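Q: Take this structure first; my questions come after.
The values are calculated or read from the model by the stated rules, or taken from the named source; none is laboratory data. Since the structure is predicted, the reported quantities are computational estimates derived from the model, not experimental observations. So basically every Cβ, Gly included, is an ideal-geometry build from the backbone, and we count neighbours across all protein chains shown. What goes into the accessible areas is simple: the full protein's heavy atoms, side chains included, and nothing from ligands, DNA or RNA. Shrake-Rupley method; radii C 1.70, N 1.55, O 1.52, S 1.80 Å.
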Amino acid sequence: MRRMLLAAAIAACGTALAQSGGDNTMREIERYREALAADNPAELWEARGEDLWKQKRGPRNASLEQCDLGLGPGKVKGAYVQLPRFFADTGKVQDLESRLVSCVTQLQGIPREDVVRQPFGAGSERKSDMESLVAWITSESRGMKMAVPMAHPEEKRMYEVGRQIFFHRGGTHDFACATCHSGDDKRIRLQDLPNLMTKDGAQRAYTTWPAYRVSQGEVRTMQHRLWDCFRQQRFPEPGYASDAITALTSFLAKNADGGEYKAPTQKR
Amino acid sequence: MKKMLLYPALFAVTLAVAGCTASPAGGAGDAAAAATRSGGTDWRQAALDVMRGSFRDRGIATKDRIEQDDLQRVCSQYPDGDVPKEVAARLEKAQEATIRQPADGEYLGDWRAGERIAQTGVGWQWTDTAQTVAGGNCYACHQLSKAELSFGNLGPSLYNYGKVRGQSDAVVKYTWGRLWNSQAYNACNNMPRFGHKGLLTEAQLKDLMALLLDPASPVNQ
Amino acid sequence: MNPTRRQTLQAAGGTGLMAALAAFGLSVPVTARAQGVAGAFQAKSVSDALKGLGAAAPAESKDVVINSPDIAENGAVVPVAIKSNIPKTESIMLLVDKNPQPLAGAYDVLAGMEPEVSSRIKMGQSSDVIALVKADGKYYMAKKEIKITLGGCGG
Amino acid sequence: MADPMKIRATVKDGVADVRVLIAHEMESGQRRDPAGKLIPAWHITEVTATLNGQPVMKAYWGPAISKNPLLQFKVKGAKPGDKIVISWVDNKGDKRSDETTIA
């Protein structure tokens, strides 16, 4: 909530300034965004993630270099734009984070509960290995087109389940994802809400995560984005790399098909 | 205080959920059935099963919150808001029956307190506690006063709400009903049922009433 | 992506490197210069900070150029670049008038460095930022207002 | 242990453009924890740069430099293959050095 209020505060000032300054104001805010975009601290996460990928760790003293992200063991380039997808070895549709949990447990022998205990980082004393790995792996798909496979029946099932979750009204406030994300030009306070029901809206949203959040000083992934949406929906907590998140991610990723992947980006 | 309030809301949900199982189709039309079923699969049921396995209690945000009452379940099937007339009428009637008028017959509180409630969005999240005094977060979706430029547009503008409508008995009761359970008027709109679900206290609702109707409130300036 | 990533040294403990650092004072931070600057960082006003830096009355100069957007969406990250066109520039300093401790950073321009530097700073609120340049023993300055839509100190 | 810096150094017409991203909290000392206690300042105090072993830049930083700082500067007389070393130390005595070869 606090974050929502902060976002609102930003937006509030944005309007006040926009009204006083007009075009010039928008130009300056654009200039501000451009100045930031030139150097993205997410690169620090990418570098750390690449190191983590190659480091021998865990009881099996193994690296993740044999991890199959869908294009074969060790193939990272372009893997993210084809996720989530069905994996025969686990018999499941997995998004990147769910797949990484499998690789870390299977290849390195690190227990699942240790991997998912603190998936979201909080400062330099509680860094998230997952956020770093995801930052690097996604960066290896930059410039590629989203192409989420939908040939396997399980992939279709997860897409349909994800669609249902998107429209599922529940909780104390009767909110669904769709409450805020199925109309054009909608805002909470002054914060623009992408319309995830349109091709353009879905592409612009999905292809710009993960992002270095200036307000948090952390790289946040799609997993975190959805987790925090559910918090604001007043839902219970979705498990990290759980099927509900994977299903919803399948729905959002597939709807973004054809969009050019741009992340990790920088957002406020 | 908050904790006590929570129970009636949960109770209501439990009742409603029980109601669902009694009439699985929920009176929903064929269009809704088509959206949730294809190739012989009930995707809605599949999604519920997945959600039940994926969500968990965290603090006050308990797992039962993913279970739907009749209104939530039916509305989920009409994401575009194109609810068939007869379905909407049935839902609205059931929701209207939940509206409780203030015990003391007083409807208007303090608009200053109402403005604070409208500005605050805290409450009911897993980062809150049972002691958290929840806000209404009205500005998230509505324009209210002229001074507050940071307002959302998921709901209609309420600027000059009282100035335009006055304070007749009918307006006062309608406004109270809207706050208590907005689903009684146009089913499946986006607004939470602040009274029915116990999201705000009766005193808080009165303060919001004053914010909307009091001629001195910034809403009517 | 970038070949330089792989060339990073593993830790700060490389002994040869540490020796090299000691040679120009990094591992011995309490040089006279560092001490002077440290005092200026504690100052609570621009005038005290200027005194601490030994620059009581700098002259405004068009040859000191501040490059930043006029408006920053988030005060936690405000990009500011400073360039000096004054010959024999020795150091460049950046102050934020309304920050609790106005001095944000000071940069010694050593042999070979162009007299320009760019970084990102926190600003608690809309404020003048002041670029201070020491050249040939004299002080020059430029000022610019940056509007902040969300403060970066308390949040 | 502090994470590696990200250093980029490219040369054009004999002038090297050096851009450094540093992983550091840069805690301002102005913020409070959820219990209302002031979080102590924790920030980089000095950054130094050398070109082929010769000092070219020294920065003194206070707590007002942003989290995960960026530092950009230019060095004359540089050519591809030259070595840039960046080092920092913070007010807790933590330190780190990384190097790159100018491209």
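Q: If the cut-off is 22 Å between C-alpha atoms, which lysines fall inside it for D:Lys12, apart from same-chain ones fewer than 8 positions away?
A: Leaving aside lysines fewer than 8 places away in the same chain, those within reach of D:Lys12 are C:Lys83, D:Lys74, D:Lys76, D:Lys79, D:Lys83.
Q: Using every Cα-Cα pair within region A:144-237, state what percent have a distance larger than 17 Å. Write down the numbers at each step before the final one.
A: Values: 2654 of 4371 pairs.
Considering region A:144-237, 61 percent of its Cα-Cα pairs are separated by more than 17 Å.
Q: Restricting to DSSP H runs of at least four residues, report the calculated mean residue ellipticity at 222 nm for the protein assembly as shown, -39500 (n - 2.57) per run over all residues, nearest 500 deg cm²/dmol. Can you show the working numbers first?
A: On the way: 23 runs with 252 residues, N = 747.
Per the formula, -10000 deg cm²/dmol.
Q: If you don't mind, another one. Can you compute the modelled spin-label distance between B:Ala216 and A:Met197, with each label point 7 Å from Cα toward Cβ, in nm?
A: For the pair B:Ala216/A:Met197, the computed spacing is 4.4 nm.
Q: Do you know which residues of region A:22-48 lose at least 50 square angstrom of accessible area in the protein assembly compared with their chain on its own, with a 1.4 angstrom probe?
A: At a threshold of 50 Å² (probe 1.4 Å), the residues of region A:22-48 that become less exposed are A:Glu28, A:Arg31, A:Tyr32, A:Asp39, A:Glu43, A:Leu44.
Q: For a test of the definition: using alpha carbon positions, the gyration tensor, and the 1.5 limit on a/c, classify region B:175-221 as rounded, prolate or oblate. Numbers along the way, then the final one.
A: Numbers: a/c = 2.90, a/b = 1.60, b/c = 1.81.
Taking the square roots of the gyration eigenvalues as a ≥ b ≥ c, region B:175-221 is oblate.
Q: In region B:73-91, which residues become less accessible by 10 Å² or more once every protein chain is in place, relative to the chain on its own, using a 1.4 Å probe?
A: Buried on complex formation: B:Cys75, B:Ser76, B:Pro79.
Q: Assign one of three labels to chain D, namely rounded, prolate or oblate, based on the Cα gyration tensor with a ≥ b ≥ c the square roots of its eigenvalues; rounded applies when a/c is under 1.5, prolate when it is not and a/b is larger than b/c, and oblate otherwise. Mind showing how you got there, number by number?
A: Working: a/c = 2.87, a/b = 2.68, b/c = 1.07.
Prolate shape, in that a/c is at least 1.5 and a/b is the bigger ratio.
Q: Calculate, for D:Asp82 and B:Arg116, the FRET efficiency according to 1/(1 + (r/R0)^6) with r their C-beta to C-beta distance and R0 51 Å; round to the nearest 0.05.
A: For R0 = 51 Å, the calculated efficiency reads 0.25.
Q: Roughly how big is the D-C contact, given as buried accessible area in Å² (both sides, 1.4 Å probe, nearest 100)?
A: Roughly 4000 Å².
Q: Between B:Asp82 and A:Gln118, how many nm apart are label points set 7 Å from Cα along the C-beta direction?
A: 5.1 nm
Q: Would you mind telling me the share, in percent, of accessible area of the protein assembly as shown contributed by carbon and sulfur at probe 1.4 angstrom? Can you show the working numbers first?
A: Numbers: 16290 of 30260 Å².
With neighbouring chains kept in place, the figure for the protein assembly as shown is 54 percent.
Q: Next up: Counting protein heavy atoms only and a 1.4 angstrom probe, how many square angstrom of accessible surface do chains C and A bury in total, to the nearest 100? Walk me through the numbers before you get to the answer.
A: Details: alone 9540 and 13700 Å², together 21090 Å².
When C and A are taken together, about 2100 Å² of accessible area is lost.
Q: Please compute the contact order of region B:111-220 in relative form: average sequence separation of alpha-carbon pairs under 8 Å and at least six residues apart, divided by the residue count, as a percent.
A: 32 percent
Q: I would also like to ask the following. Can you tell me the orientation of helix A:243-255 relative to chain A, as the angle in degrees between its alpha-carbon axis and the longest Cα principal axis, to the nearest 10?
A: So the inclination is approximately 60 degrees.
Q: List the relative contact order of region A:73-228 as a percent without decimals, with contacts defined as Cα pairs under 8 Å and 6+ residues apart.
A: For region A:73-228, the relative contact order is 20 percent.
Q: Another question, if that's okay. Round to the nearest 10 and report in Å² the accessible area of D:Ser28, as given by a 1.4 Å probe over the protein chains' heavy atoms.
A: Number for this one is 10 Å².
Q: Further question on the same structure: Apply the a/c threshold of 1.5 to the C-alpha gyration tensor of the protein assembly as shown and tell me whether it is rounded, prolate or oblate. Spell out each step's value before the answer.
A: Working: a/c = 2.49, a/b = 1.50, b/c = 1.66.
Taking the square roots of the gyration eigenvalues as a ≥ b ≥ c, the protein assembly as shown is oblate.
Q: Mind checking the angle between helix A:96-108 and chain A's longest principal axis? C-alpha axes, 0 to 90 degrees, to the nearest 10.
A: Here the helix axis deviates by roughly 30 degrees.
Q: Can you pull the one-decimal nm distance between simple spin-label points at B:Arg52 and B:Glu96, each 7 Å off the Cα toward Cβ?
A: The two pseudo-label positions are separated by 3.5 nm.
Q: Still on this structure, please answer the following. Among the lysines, which have Cα under 29 Å from the Cα of A:Lys77 when same-chain residues fewer than 8 positions away are ignored?
A: Cross-link targets: A:Lys54, A:Lys56, A:Lys92, A:Lys127, A:Lys145, A:Lys156, A:Lys199, A:Lys254, A:Lys262, A:Lys267, D:Lys6.
Q: Here's a follow-up. Can you put A:Glu260, A:Glu237, B:Glu96 in order of accessible area, largest first, using a 1.4 Å probe?
A: Details: A:Glu260 85, A:Glu237 20, B:Glu96 110 Å².
Most to least solvent-accessible, the answer reads B:Glu96, A:Glu260, A:Glu237.
Q: For peptide D:78-86, compute the average count of partner chain beta-carbon atoms within 10 Å of each residue's beta-carbon.
A: On the way: counts 1, 0, 0, 0, 0, 1, 1, 4, 1.
Rounded to a whole number, the mean comes out at 1.
Q: Run the reach check for B:Lys163 against lysines, Cα to Cα strictly under 23 Å, same-chain hits fewer than 8 apart removed. What comes back?
A: B:Lys146, B:Lys173, B:Lys206
Q: Moving to a separate point now. In Å² (nearest 100), what accessible area is buried between B and A, both sides summed, heavy protein atoms only, 1.4 Å probe? Please list the in-between numbers first.
A: Details: alone 12340 and 13700 Å², together 21620 Å².
For B against A, buried area totals roughly 4400 Å².
Q: Place +1 on the Cβ of every Lys and Arg and -1 on the Cβ of every Asp and Glu in the protein assembly as shown, take the dipole about the Cα centre, and give the residue among C:Ala32, A:Gln216, A:Val115 whose Cα lies farthest towards its positive end.
A: C:Ala32
Q: Taking the solvent-accessible surface of protein heavy atoms with a 1.4 Å probe, what is the per residue accessible area of the protein assembly as shown in Å²? Walk me through the intermediate numbers first.
A: Working: 30260 Å² over 747 residues.
For the protein assembly as shown, the solvent-accessible area averages 41 Å² per residue.
Q: Just how much of A:Thr265 is accessible, in Å², when a 1.4 Å probe is used and the result is rounded to the nearest 10?
A: We get 30 Å² for A:Thr265.
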